[in-house]
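Novice: One structure follows; several queries about it will come next.
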Amino acid sequence: MTTFLAPTLSYSLLAPILIVLGGAVLGVMAEAFLSRAVRPAVQLSITLGSLVLALAQLWRIRHAASLTAAMGSVAIDGPAILLQGSILIIAILGVFLIADQDHFTTLAAALPGSPEERESQQSGQRLTEVYPLTLFAVAGMLLFPIATDLVTLFVALEVLSLPLYLMAGLSRRRRLLSQEAALKYFLLGAFSSAFFLFGAAFLYGYSGSLSLSGIHTAIEASPGNQVFLFIGVAFLSIGLLFKVSAVPFHAWTPDVYQGAPTPVTAFMAAATKIAAFGAMLRIFYTALANGYWQWRPFLTVIAIITMLFGAVVAIAQRDVKRMLAYSSIAHAGFLLTGILALNKAGLDATIFYLFAYGIATIGAFGIVTLVRDSSGEVTDLNRWAGLGKRSPFIATVFAFLLLAFAGIPLTSGFIGKFSIFSAAYESGNRAVVVVGVLSSAIAAFFYIRVIVLMFFTDPVEDGTGVVIPSILTRATIVVSFVITIFLGVFPSPVLNLITSTATFIR
Amino acid sequence: MNSAWLTTLGLLPLLGALLVSVLPEKNALLVKRIAFGTTLVVAAVAIAMATRFQRDNVNFQFVETHQWIPSLGIKYAVGLDGISLVLILLSVLLAPIVILAGWNESLGGRWSVKTFYILMLVLETMMIGVFASTDVFLFYVFFEAMLIPVYFLIGGYGTGARSAAAVKFLLYSLFGGLLMLASIIALYVLSGDQGGHTFDINVLSHLHMSPMSENMLFLGFFIAFAIKAPVWPFHTWLPDAAESATPGTSVLLLGVLDKVGTFGMIRYCLTLFPHATKTFTPVILVLAVISIIYGAFLAIGQTDFKRLIAFTSISHFGFITMGIFAMTSQGQSGATLYMFNHGFSTAALFLVAGWMSSRRGSSKIADFGGLQRVTPVMAWVFFFAGMSSLALPGLSSFVSEFLVLVGTYTRYPVAAVIGAFGIVLAALYILIPVQRALHGPVTEGNENLLDLNLREKVAIAPVVAVILILGFYPSPLLQVINPASVHSIAKVGFSDPLSSIEKAGK
């Protein structure tokens, strides 16, 4: 007979996640009991309030280092705090964009074109389920990069994914496209989760342990069946690579980015990448570091084709959201070089890159939400022609963010690229660096093409214009712009912070 | 000891740009005056600085060093040797001339007059920075960042297929820049292995590298500079860019920006990779000789003044490259002096060609005829500029071309002999258009052209004066250049070959 022991939880260390989950539950309550008129404002304050509170709590525990916060299934250490902080900051900016409820359908459950839909639109009353869904997703994202056993990882993966599947289908306009995106995302996501689970089972079979440190010990001792290890790592990686949209697991990315409401795309593109790469960092750096000969070759190949494919295919895109989707695929490839580096410099560089890229992404999508005509957002790139003339400020900021994606000096993207490639070079992986540099050159082509369209092409009078942004959207864009410059010109404080704190504990 | 000269010099145009940016949009005249005044002040400060330059000191002077991004070993470090001093003087002297000569060229642009001058002034800061930096990373930042203002200057204010030319220019340069970035990353990692991450050029020039990696890194830098210069076969962007840009922008593009390429060969290729330089010298000399002959032949075939001047420049850049890689102090001094002289003779050619084409509304050579009778001053200035371009004895280009050929002949006689044919071809490509456009009967459409006005005369007078004075008395510049040239040749491990009389003496 085993006696049941009550788990000892360190609540203060888990508080950021718990606060966000509490906020989410509160949001569900509000959705159920409050009148529709007051709901949007209340939901927004609950969401922002819990995110800010979580961030404040994270600041209080910033020096913590613990493996026992939740019976050994999460680790609170430097990278954990940094990644969680990045996710929360991105989430706050993302909620600023989500607050522009014009992008969301009033009644998600109604069939597109049905009388119910029309009725709810005419009544002007809306459901605001997107807020609690966002919070649930954020909670999953906060847990994902700190989980230290495979079951917790899987739970976190599902908690972050399920709300995102729903959120992708909430678009107000072009609802069928949006719902198709949601379904696609869900089906492929479910597939990849199954792969993840399958890989976890094989790793358990190999090591007899579900915890990352147990797998690490097993690899060090190197007993067991190496084939199990290989299969386990491969399938686990597939699940993770799907989330970061690496080629060949990227097929969902352009459709979902295009179909989802743009604020959701912004949040998803920025925050999911941080969470998923955060988890990858922890898994590969702590559990699988000693077995690198099992996974480095294929991950190298995937990084190379991801960079090249993303950059090349992006050139052919005619839709700004699809272009940004392929650009995010290319960036996933760049980030994979940081995972491959497997050294301290690689860890630091990946965390910096994730933050810089997330901030720039959310700003760029924030701008996409503003370019509209009478029937909603205009994402066709040809209709962005001459935007520089219509609204020079917005076009300049967008151009600047694109230059940051392209990695031009004096932007955060350049520092990120420089540090991540130098880490990869330091690890001796020169092929990846050369391909990375070449695909940056290819990528520069389509970023610059957009700049040409905005500034060097005469506007077409077809009603496309830039709406006046709400205060929150404006805040997102300005913050993203300022941080992108700041990280490009004075990256030292952030780099130092990351270098001094980012050390994994096993 | 930190000297504030260079930082002050670099900040002045930025201050001017800031001042321009707060001026009212309507008052174009004031904007122009402020911009012109700023460049005059910068030129005066630069001349004052040059008088304090110690000629015989081969170390960097006016050194200033601050930490910039300590965690990556990046410093803000500037300093001058004889070569960079000459090039900075070239930049700051051409800037006011260009602004005065092209007083109205900002009018036909996509954007306001104000934007034009802001871009110009920002570009001036970048030009000073790129020549002054002694930290490889800082150099790279300026090298890349200066593309942006030029890109907008060509694409926004040029003529014809301006946006296509601007994009071609930018992509070519970015591609080269990214290859250089890969090499810089490698240097960074190597320096980390050998005593701490740094980008200080003095430290990097003592790194130990395997021959293989030294060759690869050399190529990364060299291709970037060969695109910039441009050396055949990397030249195809230049004629398009020069044709589309405004005359003033073209002067800065060919006169100063392209010199960054040849300057980079001396400062970075030679000092950082002495062994690889030796390995590649024969190949590069072949490319240089091809550039000389190929550029000259294509120039003969051009029907457009601006393209003609662009191709003559490719020929001249062949001479400069040949002088640099001749590995003699005469060749190197000649090359540096050539950079300065080419800046002025191209300025004269381009400015006059610009005035001609803006009066006639075309830059086709065939559209002109008999200008000598209608507009004698303009015609004679063009003739004078042409003579300077074909290196007529008594004009400045002759001295430098002669030095390059002498310097090359002592070590590589074949290259020098073939290169000398470039002079013969130069007579053709200059005299044919001179004959067609200036002499003969006045053709239709040219009867009512106006001669140069006072502003234009004032703008071109200093250029003519410099060409004449340096033709007869080049020693003030040579005294500054020579010690630096001897020093950089010695760093590669070469000394000047002995003459046969000296050999006989031994």
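The values are calculated or read from the model by the stated rules, or taken from the named source; none is laboratory data. Note that the structure is a prediction, hence the values are computed from the model and not measured. Counting neighbours? That spans all protein chains shown, and the Cβs are built from the backbone with ideal geometry, glycine included.
Novice: How many residues does segment A:414-429 hold that are more than 8 Å from chain B (Cβ to nearest Cβ) and either among the hydroxyl-bearing types (S, T, Y) or surrounded by fewer than 24 Cβ atoms within 10 Å (Cβ to Cβ) (or both)?
Specialist: 3
Novice: Would you point out which residue out of B:L89, B:L85 is crowded, with 23+ Cβ neighbours inside 10 Å, modelled with pLDDT of 85 or more, within 21 Å of the chain's Cα centre (by Cα) and more than 14 Å from chain A (Cβ to nearest Cβ)?
Specialist: Details: B:L89 fails: crowded, with 23+ Cβ neighbours inside 10 Å.
Answer to the check: B:L85.
Novice: Regarding segment A:436-450, can at least one residue be identified that is more than 9 Å from every other protein chain (Cβ to nearest Cβ), at pLDDT below 90 and touching a strand residue (DSSP E or B) at 6+ places or on another chain (Cβ under 6 Å)?
Specialist: No - not one qualifying residue is present in segment A:436-450.
Novice: Could you tell me whether segment B:103-110 includes any residue that is within 13 Å of chain A (Cβ to nearest Cβ), in contact with an Asp or Glu (Cβ under 9 Å, 6 or more places away or on another chain) and either surrounded by 24 or more Cβ atoms within 10 Å (Cβ to Cβ) or touching a residue at least 24 places away in the same chain (Cβ under 8 Å) (or both)?
Specialist: yes
Novice: Return the residue satisfying two criteria in turn: it lies in segment A:486-502 and is among the β-branched types (V, I, T) and surrounded by 17 or more Cβ atoms within 10 Å (Cβ to Cβ), and of such residues it is farthest from the other protein chains (Cβ to nearest Cβ). Steps first, answer last, please.
Specialist: Here is the first cut: in segment A:486-502, the residues among the β-branched types (V, I, T) are A:489, A:494, A:498-499, A:501.
Among the residues that remain, those that are also surrounded by 17 or more Cβ atoms within 10 Å (Cβ to Cβ) are: A:494, A:498-499, A:501.
On the way: A:V494: 9, A:I498: 9, A:T499: 6, A:T501: 13 Å.
Here the answer is A:T501.
Novice: Oh, and also: Exactly one of these conditions fails for B:Y188: (1) part of a helix (DSSP H, G or I); (2) more than 19 Å from the chain's Cα centre (by Cα); (3) more than 21 Å from B:M265 (Cα to Cα). Give me its number.
Specialist: Just one mismatch for B:Y188, condition (3).
Novice: Same structure, new question: Any idea which residue in segment B:199-219 is modelled with the lowest pLDDT, counting only those that are within 13 Å of chain A (Cβ to nearest Cβ) and touching a helix residue (DSSP H, G or I) at 6+ places or on another chain (Cβ under 6 Å)?
Specialist: Restricting to residues being within 13 Å of chain A (Cβ to nearest Cβ) and touching a helix residue (DSSP H, G or I) at 6+ places or on another chain (Cβ under 6 Å), the top hit is B:F199.
Let's see how each residue does on (1) among the small types (G, A, S); (2) away from chain A (no Cβ under 14 Å); (3) within 20 Å of B:V98 (Cα to Cα):
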| position | (1), (2), (3) |
| --- | --- |
| B:A17 | yes, yes, yes |
| B:N27 | no, yes, no |
| B:G37 | yes, yes, yes |
| B:A43 | yes, yes, yes |
| B:I47 | no, yes, yes |
| B:F53 | no, yes, no |
| B:N57 | no, yes, no |
| B:I69 | no, no, no |
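Novice: Quick one: is A:T396 within 14 Å of another protein chain (Cβ to nearest Cβ) and free of Cβ contacts under 8 Å to residues at least 24 places away in the same chain? Don't jump to the end; show me each part of the working.
Specialist: Details: within 14 Å of another protein chain (Cβ to nearest Cβ): yes; free of Cβ contacts under 8 Å to residues at least 24 places away in the same chain: yes.
So A:T396 passes the test.
Novice: With the structure loaded, tell me whether B:F62 is farther than 30 Å from B:I223 by Cβ and either within 14 Å of another protein chain (Cβ to nearest Cβ) or in contact (Cβ under 8 Å) with a residue 40 or more places away in the chain (or both) or whether it fails that test. Steps first, answer last, please.
Specialist: Working: farther than 30 Å from B:I223 by Cβ: yes; either within 14 Å of another protein chain (Cβ to nearest Cβ) or in contact (Cβ under 8 Å) with a residue 40 or more places away in the chain (or both): yes.
The answer is yes for B:F62.
Novice: May I ask you to verify whether A:G310 is modelled with pLDDT of 90 or more and closer than 30 Å to A:R173 by Cα?
Specialist: Numbers: modelled with pLDDT of 90 or more: yes; closer than 30 Å to A:R173 by Cα: yes.
When the stated conditions are applied, A:G310 passes them.
Novice: To continue, here is another question. Whether any residue in segment B:196-210 is more than 27 Å from B:Y338 (Cα to Cα), assigned to a helix (DSSP H, G or I) and in contact (Cβ under 8 Å) with a residue 24 or more places away in the chain is what I want to check. Talk me through it step by step, then tell me what you get.
Specialist: First, the residues of segment B:196-210 that are more than 27 Å from B:Y338 (Cα to Cα): B:196-200, B:203-204, B:206-210.
Filter again for assigned to a helix (DSSP H, G or I), leaving B:203-204.
The next check asks that each one be in contact (Cβ under 8 Å) with a residue 24 or more places away in the chain; those that pass are B:204.
Yes, segment B:196-210 contains a residue that is more than 27 Å from B:Y338 (Cα to Cα), assigned to a helix (DSSP H, G or I) and in contact (Cβ under 8 Å) with a residue 24 or more places away in the chain.
Novice: Could you check, for segment A:124-134, whether at least one of its residues is under 18 Å from A:L53 (Cβ atoms) and either more than 19 Å from the chain's Cα centre (by Cα) or surrounded by fewer than 24 Cβ atoms within 10 Å (Cβ to Cβ) (or both)? Steps first, answer last, please.
Specialist: As a first pass, look at segment A:124-134 and keep what is under 18 Å from A:L53 (Cβ atoms): A:131-132, A:134.
From what is left, the residues that are either more than 19 Å from the chain's Cα centre (by Cα) or surrounded by fewer than 24 Cβ atoms within 10 Å (Cβ to Cβ) (or both) are A:132.
Within segment A:124-134 (the criterion being under 18 Å from A:L53 (Cβ atoms) and either more than 19 Å from the chain's Cα centre (by Cα) or surrounded by fewer than 24 Cβ atoms within 10 Å (Cβ to Cβ) (or both)), the answer is yes, since at least one residue qualifies.
Novice: If you go through segment B:388-414 one residue at a time, how many are crowded, with 23+ Cβ neighbours inside 10 Å and in a helix (DSSP H, G or I)?
Specialist: Residues in segment B:388-414 being crowded, with 23+ Cβ neighbours inside 10 Å and in a helix (DSSP H, G or I): 12 in total.
Novice: For segment A:397-413, which positions are over 14 Å from A:L453 (Cβ atoms) and either assigned to a helix (DSSP H, G or I) or of a type in the set (A, V, I, L, M) (or both)? Talk me through it step by step, then tell me what you get.
Specialist: To start, the set of residues in segment A:397-413 that are over 14 Å from A:L453 (Cβ atoms) comprises A:397, A:400-401, A:403-413.
The answer is A:V397, A:F400, A:L401, A:L403, A:A404, A:F405, A:A406, A:I408, A:L410, A:S412, A:G413.
Novice: Which condition number in (1) within 14 Å of chain A (Cβ to nearest Cβ); (2) in a loop (DSSP other than H, G, I, E, B); (3) acidic (D, E) is the one that B:E144 fails?
Specialist: (2)
Novice: Would you confirm whether any residue within segment A:358-377 is of a type in the set (A, V, I, L, M), closer than 19 Å to A:Y326 by Cβ and either within 14 Å of chain B (Cβ to nearest Cβ) or assigned to a loop (DSSP other than H, G, I, E, B) (or both)?
Specialist: No.
Novice: Could you tell me which of the residues A:R36, A:R118 is farther than 13 Å from A:Y131 by Cβ and without any contact (Cβ under 8 Å) to a residue 60 or more places away in the chain?
Specialist: Numbers: A:R36 fails: without any contact (Cβ under 8 Å) to a residue 60 or more places away in the chain.
None of the others qualify; the one that does is A:R118.
Novice: Suppose we keep only residues that are within 12 Å of chain A (Cβ to nearest Cβ) and touching a residue at least 60 places away in the same chain (Cβ under 8 Å) within segment B:119-135. Which one would you say is farthest from B:T39 (Cα to Cα)?
Specialist: Only one residue tops the list, namely B:V130.
Novice: Among the listed residues B:F225, B:F280, which satisfies the condition of being touching a Gly at 6+ places or on another chain (Cβ under 6 Å), away from chain A (no Cβ under 14 Å), at pLDDT 85 or above and not in a loop (DSSP other than H, G, I, E, B)?
Specialist: Numbers: B:F280 fails: touching a Gly at 6+ places or on another chain (Cβ under 6 Å).
Going through B:F225, B:F280 in turn, the sole match is B:F225.
Novice: For a quick check of your reading of the model, give me the residue pairs whose first member lies in segment B:151-171 and is over 15 Å from B:I118 (Cα atoms) and at the interface with chain A (Cβ under 8 Å from one of its Cβ atoms), whose second is surrounded by 24 or more Cβ atoms within 10 Å (Cβ to Cβ) and of a type in the set (S, T, N, Q), with beta-carbon atoms closer than 6 Å and at least 6 apart or on different chains.
Specialist: Once the first residue is over 15 Å from B:I118 (Cα atoms) and at the interface with chain A (Cβ under 8 Å from one of its Cβ atoms) and sits in segment B:151-171, its partners that are surrounded by 24 or more Cβ atoms within 10 Å (Cβ to Cβ) and of a type in the set (S, T, N, Q) give B:R162/B:S244.
Novice: List pairs: first in segment A:459-479 and closer than 20 Å to A:L44 by Cβ, second among the polar types (S, T, N, Q) and modelled with pLDDT of 85 or more, Cβ under 9 Å, 6+ apart or cross-chain?
Specialist: Taking only residues 6 or more apart or on different chains, the pairs are A:V467/A:T369; A:P469/A:T369; A:P469/A:T476; A:T473/A:T369.
Novice: Among the helices (runs of 4 or more DSSP H) confined wholly to segment A:24-130, which include 2 or more residues that are β-branched (V, I, T)? If you could, list the steps in order and put the result at the bottom.
Specialist: Working: elements: A:39-60, A:78-98, A:115-123.
Once the helices (runs of 4 or more DSSP H) in segment A:24-130 are filtered for at least 2 residues that are β-branched (V, I, T), what remains is A:39-60, A:78-98.
Novice: Report the residue count in segment A:164-176 for those that are buried (at least 23 other Cβ atoms within 10 Å of the Cβ) and either in a helix (DSSP H, G or I) or of a type in the set (S, T, Y) (or both).
Specialist: Looking only at that region, the number is 4.
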